[in-house]
Amino acid sequence: MISSAGIPPVVPAGRMADRAQPVLDLPGGRRLRPWGPEDADALVAAGQDPAIRRWNLFTVADRADARTRIARMHERWRAETGAVWALARPDGPAVGLIGLNDVDLAGGSAELVYWLLPAARGGGLAVAATRRLARWALADLGLHRLRLCHSTANPASCRVAEKVGFTFEGTQRSALLHTDGWHDQHLHARVAGDPE
């Protein structure tokens, strides 16, 4: 389908919905895999973690709420509006989340988001997962631009973006309301063809 401006979509509709969500291997035997009902406890734990709650504005009431959220993840894949993976060892519990929000296949863009449970932090997993998902989104799915935004008060996310080759593009003033007030956000981005 061609837009009213005569521009074909960057990624044709159906590229996600017509396929199963892939499992993406990471170094060290971990992988990105679709979330399942068995991961409800990991979502509940994430919803209780102060850092995840602070930076991701994320809460989960209980296991039933977690299962509902997991079902919505699969709905978003089929609707081609989002793609969310669990970070885990094969047959192991989820230790984090990474995904694409605001997927716009026609426009060729998405926002990359992630969090890690406390035991998974500090070992380079966020960098490895972000690198792998960016590669899949740009090279395999065919998006043109990925953005990664974070509060300016969160330097750890800034380091992840820089290590993965997301270029700093600027500061969005008072861009997101957190529990402690409005935060400025850094905007980083990678486009197809950028070096990692």
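The values are calculated or read from the model by the stated rules, or taken from the named source; none is laboratory data. Remember, predicted model here, so these are calculated numbers, not experimental data. Positions of Cβ are generated from backbone atoms using ideal geometry, with glycine treated the same way; all protein chains shown enter the neighbour counts. Calculation scope for accessible area: heavy atoms of the full protein, side chains included, ligands and nucleic acids excluded. Shrake-Rupley method; radii C 1.70, N 1.55, O 1.52, S 1.80 Å.
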Taking a label point 7 Å from the Cα of Ile7 along Cα-to-Cβ, the residues of segment 130-149 whose backbone nitrogen sits under 18 Å from it are 142-147
Could I have the simple spin-label model distance between Ala139 and Glu75, label points 7 Å from Cα toward Cβ, reported in nm to one decimal? 3.4 nm
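Rounded, prolate or oblate: which fits segment 20-86, taking a ≥ b ≥ c as square roots of the Cα gyration tensor eigenvalues, rounded meaning a/c under 1.5, else prolate when a/b beats b/c?
Working: a/c = 1.74, a/b = 1.26, b/c = 1.38.
Since a/c reaches 1.5 but b/c is at least a/b, the shape of segment 20-86 is classed as oblate.
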Would you mind classifying segment 31-171 by shape? Square roots of the alpha carbon gyration tensor eigenvalues, ordered a ≥ b ≥ c; an a/c under 1.5 is rounded, otherwise it is prolate if a/b is larger than b/c and oblate if not. oblate
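Given the peptides 74-80, 143-149, arrange them by the average over their residues of other C-beta atoms within 10 Å, most packed first. Could you put the intermediate results ahead of the total?
Values: 74-80: 15.0, 143-149: 20.3.
Packing proxy ranking, top to bottom: 143-149, 74-80.
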Calculated FRET value between Thr179 and Ala17, using beta carbons and R₀ = 30 Å, to 0.05: 0.25
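Going by average Cβ neighbours within 10 Å, how do the peptides 130-142, 13-25 rank, with the highest at the top? The partial results should precede the final answer.
Values: 130-142: 18.7, 13-25: 13.2.
In decreasing order of mean packing, 130-142, 13-25 become 130-142, 13-25.
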Taking the chain and counting helices only, DSSP H stretches of n ≥ 4 at -39,500 (n - 2.57) each over all residues, the nearest-500 ellipticity at 222 nm comes to -8000 deg cm²/dmol
Any idea how far the Cα center of segment 98-138 sits from the one of segment 18-68, in Å? 13 Å
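How large, in percent, is the carbon and sulfur part of the accessible surface of the chain at a probe radius of 1.4 Å?
Details: 5140 of 9750 Å².
Carbon plus sulfur share of accessible area: 53 percent.
Placing +1 at every Lys and Arg Cβ and -1 at every Asp and Glu Cβ, with all other atoms neutral, what dipole size does the chain have around its Cα centre, in debye to the nearest 20? Intermediate results must be reported in sequence, preceding the final value.
On the way: 24 positive and 21 negative charges, 54 e Å.
Around 260 debye, computed over the chain.
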Distribution output for segment 78-145: share of Cα-Cα pairs per 5 Å bin in percent, first bin at 0, values 4, 17, 27, 23, 15, 10, 4, 0
With r as the distance between the Cβ atoms of Thr68 and Arg159 and R0 = 41 Å, compute the FRET efficiency 1/(1 + (r/R0)^6) and round to 0.05. 0.80
Counting pairs of alpha carbon atoms under 8 Å apart in space and at least six apart in sequence, what relative contact order in percent does segment 37-149 give? 20 percent
Per residue, in Å², the accessible surface of the chain once ligands and nucleic acids are set aside, probe 1.4 Å: 50 Å²
